[in-house]
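A short worksheet on the structure shown next.
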Amino acid sequence: MDICQVRAVTFLPQPCGPRVPGEPPGTAVLAMPSEIDFCNASGLLPLITAAVDQQPAGFRLLVLDLTGTRFMDSQGIRLLTAVRHRLPAGARLGLVAAPRGVPSRVLELSGLRRDVPVYDNVGEALRAGTGRDA
């Protein structure tokens, strides 16, 4: 009998406080769990969607921080694609992933990296996503 541990589903992505001085309005940064796979991906989608829905009018950028994610399979790609398609009109998705990390490699192999910008750190994602210079 296969048992799927659901402890990762209890992770509640929360918009982080400003990680970059003067973090622009209309943005949200959500830190993702250490693993994204078949056990928790479907549970993460409504949590991310709820966090986006709680944003004020004028929301334009969601940054998902995968730097703490050590494992991600195809369900992670499915999750990111679903999040991208559920964003409000005019809002964009940016991803943060360590260049040599598993999520970065999975994004590259899946082709999602061509469609969604991937940054090395949150500050870079916020600057690029809002049109600010470094």
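Worth a mention:
Per-residue answers, yes or no, for (1) over 15 Å from S104 (Cα atoms); (2) out of contact with any strand residue (DSSP E or B) (no Cβ under 8 Å at 6 or more places or on another chain); (3) touching a residue at least 24 places away in the same chain (Cβ under 8 Å):
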{"site": "C39", "(1), (2), (3)": "yes, yes, yes"}
{"site": "G43", "(1), (2), (3)": "yes, yes, yes"}
{"site": "T49", "(1), (2), (3)": "yes, yes, yes"}
{"site": "V52", "(1), (2), (3)": "yes, no, yes"}
{"site": "L62", "(1), (2), (3)": "yes, no, yes"}
{"site": "L66", "(1), (2), (3)": "no, no, yes"}
{"site": "T69", "(1), (2), (3)": "no, no, yes"}
{"site": "L80", "(1), (2), (3)": "no, no, yes"}
{"site": "R84", "(1), (2), (3)": "yes, no, yes"}
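- The set of residues in the range 80-110 being open to solvent by less than 10 Å² (accessible area, probe 1.4 Å) and either farther than 21 Å from L44 by Cβ or of a type in the set (A, V, I, L, M, F, W, C) (or both) consists of L80, V83, L95, V96, A97, L107.
- Any chance D2 is of a type in the set (D, E), open to solvent by 20 Å² or more (accessible area, probe 1.4 Å) and at pLDDT 90 or above: no
- Residues in the range 116-126 that are part of a loop (DSSP other than H, G, I, E, B) and more than 23 Å from G58 (Cβ to Cβ): D120, N121.
- Take the conditions (1) surrounded by 16 or more Cβ atoms within 10 Å (Cβ to Cβ); (2) at pLDDT 95 or above; (3) farther than 17 Å from E124 by Cα; A41 misses just one of them, which is (2).
- Scanning the range 63-115 for residues being part of a loop (DSSP other than H, G, I, E, B) and of a type outside the set (D, E) gives a total of 16.
- As a summary of the residue check, R114 satisfies the conditions (1) at pLDDT below 95; (2) buried (at least 17 other Cβ atoms within 10 Å of the Cβ); (3) out of contact with any strand residue (DSSP E or B) (no Cβ under 8 Å at 6 or more places or on another chain) except for the one numbered (2).
- Residue in the range 17-37 that is open to solvent by 90 Å² or more (accessible area, probe 1.4 Å), charged (D, E, K, R), modelled with pLDDT under 90 and not in a strand (DSSP E or B) present: yes
The values are calculated or read from the model by the stated rules, or taken from the named source; none is laboratory data. Predicted model, so just to flag it, every value in this text is computed and none were measured. With ideal geometry, Cβ positions are generated from the backbone for all residues, glycine too; neighbour counts draw on all protein chains shown. Heads up: the accessible areas ignore ligands, DNA and RNA and are worked out on the full protein's heavy atoms, side chains in. Shrake-Rupley method; radii C 1.70, N 1.55, O 1.52, S 1.80 Å.
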